[in-house]
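**Student:** Just passing along the structure, written as structure tokens.
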Amino acid sequence: MAWGVKQTVILVGVGVSVSVWAAVLYVLLKSKEKEQLEVPKSKVETSRQTIIRTKIPNCAVGSVIGRQGCNIKDIQTRTNTRINFEDADDNEERTVVIRGAPEDAQLAENIINKLVVEQPEIFTEQIYVPSRSCGRIIGKNGESIKYISKTSKAKVSVDSSSEFKKVDGQTRIVLRGTREQIDIAIGLIDEKLAEDEALRRQVELVSANRPTRYKGKLCLENTTQQGAESDRLQESLMPTGSDGFLEVFVSAVESPSQFWVQLVGTKSIQLDRMVEDMTSFYGQLANQELTKLSSVSAGDLVAAPFPHDNLWYRAKVTDVAEDDYSLGESKVTVFYVDFGDDGTLTLKQLFALRPEFLVVPFQAIECRLGNVAPRDKEWTKEAIECFERLAYNAQWKPIMAKPINYIVKDTDAKASIACVMLIDTNSETDINVAEELIRREYGVSVSEEKPK
């Protein structure tokens, strides 16, 4: 009996001890959980990593990240951390999330805070440049403006908010960066403006020295024939500016539905130098003897004088009427590939075109005026003469052209004609040539599809 009672007491004691320890353990665990919950949200530590969340001004995000992420990648490498940016909650601050070992995460936070404190002041500045110079500032495929941005480290953008809207002939350029970066960018832009001004003075000399070409009726038969070689040499309308406009000379006109333009700029200067060289070469009797032709066929490229001046040009044979009595007196119709007009000469007046005169692409680009059609089936003589005046035909006065669409030539499925908008910017008020023809009741409005 006594042994049984003693045994029972011991068991009860053990049961009580277990209950007490269980209660103590529960209290300890709850206390630990409470301590973890009381850790500040900005810093969460575990046995593996710390997570730090810190806010920085939105204006400093770019400096922290760096160009193409170079700064943030460097910080992550140096501190062995992972750094991310959360979506902005407002327009003032951005949250940076840093993950890593406690000391590493703290070091990364310190580096970021230092970058924020030391970041240079960022400015936004606007300058205005002549709209006609924007093409040189932007460059082909944007190469020039990309170079300016990369060299200066400033963000440079040409305002293209409207298709062809100018303020007193000026276009706005917006620059963003430090004071030093903006100053460097402006200096590079000034260099482009100086280059453009120097080129423009050369073009003005071209315009002043070029003879006015005779504007007789053009002979258009076979003028659109293109050989494989001439296809490679043909110049084309390739806008470089964001507004899509180019500066051109209208060099020959058949009608508003068929005319030719030349690009204004280095190409027109090259063309005039080539004409000078050809005139010097073919003006010598000895050279004429070396390049004399015994026969020609349609499509041949030749050196030919222009009937109304004393200069020599590149031309393509379009038609040959042989003389039964004297081959040298055969009548040859030629198309002047750099101007778009034609002439009829004798075979003995034509000479073989030397290879060095094939370097410059053919400058005459065939075009059609867009957004307008003749009021009747054909353009009237008065309408054509009005168009010639509006477009400054063969007067070597620049006019703005913008390709709207391209149409396939009837005579060559592989070739296309640029359908263009023409804007005369030579006076205080810009004149849209198509709209002016419509206003004067020479044409009617039609819609053109823009190039895809």
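The values are calculated or read from the model by the stated rules, or taken from the named source; none is laboratory data. Source: prediction; values computed, not measured. Here the Cβ positions follow ideal geometry from the backbone for every residue, glycine too, while neighbour counts run over all protein chains shown. Please note that ligands, DNA and RNA were not included when accessible areas were found on the heavy atoms of the full protein model with its side chains. Shrake-Rupley method; radii C 1.70, N 1.55, O 1.52, S 1.80 Å.
**Student:** Looking at segment 125-143 only, could you name the residues that are touching a helix residue (DSSP H, G or I) at 6+ places or on another chain (Cβ under 9 Å) and more than 20 Å from I399 (Cα to Cα)?
**Tutor:** Initially, segment 125-143 is screened for residues touching a helix residue (DSSP H, G or I) at 6+ places or on another chain (Cβ under 9 Å), giving 125, 127, 129-130, 132-133, 135-139.
Answer for segment 125-143, where residues must be touching a helix residue (DSSP H, G or I) at 6+ places or on another chain (Cβ under 9 Å) and more than 20 Å from I399 (Cα to Cα): E125, I127.
**Student:** Just checking, does segment 317-336 include any residue being closer than 25 Å to E388 by Cα and open to solvent by 10 Å² or more (accessible area, probe 1.4 Å)?
**Tutor:** Pass one, segment 317-336, residues closer than 25 Å to E388 by Cα: 318, 333-336.
Restricting the remaining residues to those that are open to solvent by 10 Å² or more (accessible area, probe 1.4 Å) gives 333, 335.
Yes.
**Student:** Checking T344 against (1) crowded, with 17+ Cβ neighbours inside 10 Å; (2) touching a Cys at 6+ places or on another chain (Cβ under 8 Å): exactly one of these is not met. Which one?
**Tutor:** (1)
**Student:** Still on this structure, I have one more. Of everything in segment 335-388, what is small (G, A, S) and within 20 Å of S280 (Cβ to Cβ)? Give them in sequence order. Give the derivation first.
**Tutor:** Our first condition is that a residue be small (G, A, S); within segment 335-388, this holds for 340, 343, 352, 364, 370, 373, 383.
Answer for segment 335-388, where residues must be small (G, A, S) and within 20 Å of S280 (Cβ to Cβ): just A352.
**Student:** Do any helices (runs of 4 or more DSSP H) lying entirely in segment 54-154 carry at least 2 residues that are open to solvent by 70 Å² or more (accessible area, probe 1.4 Å), and which ones are they? Show your work before the answer.
**Tutor:** Values: elements: 61-65, 70-79, 102-118, 134-138, 143-152.
In segment 54-154, the matching helices (runs of 4 or more DSSP H) lie at 70-79, 102-118, 143-152.
**Student:** Continuing with this model, one more query. Pick out the one residue from A383, A401 that is under 16 Å from L237 (Cα atoms) and at pLDDT 90 or above.
**Tutor:** After ruling out the rest, the residue left standing is A401.
**Student:** Out of all the residues in segment 262-283, which are small (G, A, S), in a helix (DSSP H, G or I) and under 31 Å from the mean Cα position of the chain (by Cα)? Spell out how you get there, then give the answer.
**Tutor:** Filtering segment 262-283 for residues small (G, A, S) gives 265, 268, 280, 283.
Then keep just the ones that are in a helix (DSSP H, G or I); that gives 268, 280.
The answer is S268, and nothing else.
**Student:** Could you identify the single residue in K146, K150, K192, K155 that is at pLDDT 85 or above, over 30 Å from V64 (Cα atoms) and within 17 Å of the chain's Cα centre (by Cα)? Explain how you work it out, then say what you get.
**Tutor:** Values: K146 fails: over 30 Å from V64 (Cα atoms); K150 fails: over 30 Å from V64 (Cα atoms); K155 fails: over 30 Å from V64 (Cα atoms).
Only one candidate qualifies: K192.
**Student:** Any idea which of (1) open to solvent by 30 Å² or more (accessible area, probe 1.4 Å); (2) in a loop (DSSP other than H, G, I, E, B); (3) under 29 Å from V332 (Cα atoms) is the one E388 doesn't satisfy?
**Tutor:** With (1) open to solvent by 30 Å² or more (accessible area, probe 1.4 Å); (2) in a loop (DSSP other than H, G, I, E, B); (3) under 29 Å from V332 (Cα atoms) applied to E388, the lone miss is (2).
**Student:** Given the structure, is K402 assigned to a strand (DSSP E or B) and closer than 24 Å to P256 by Cα?
**Tutor:** On the way: assigned to a strand (DSSP E or B): yes; closer than 24 Å to P256 by Cα: yes.
Here the answer is yes, as K402 does meet what is asked.
**Student:** If K397 satisfies every condition in (1) open to solvent by 50 Å² or more (accessible area, probe 1.4 Å); (2) without any contact (Cβ under 8 Å) to a residue 60 or more places away in the chain; (3) in contact with a helix residue (DSSP H, G or I) (Cβ under 9 Å, 6 or more places away or on another chain) but one, which is the exception?
**Tutor:** Looking at each condition in turn, K397 falls short on (2).
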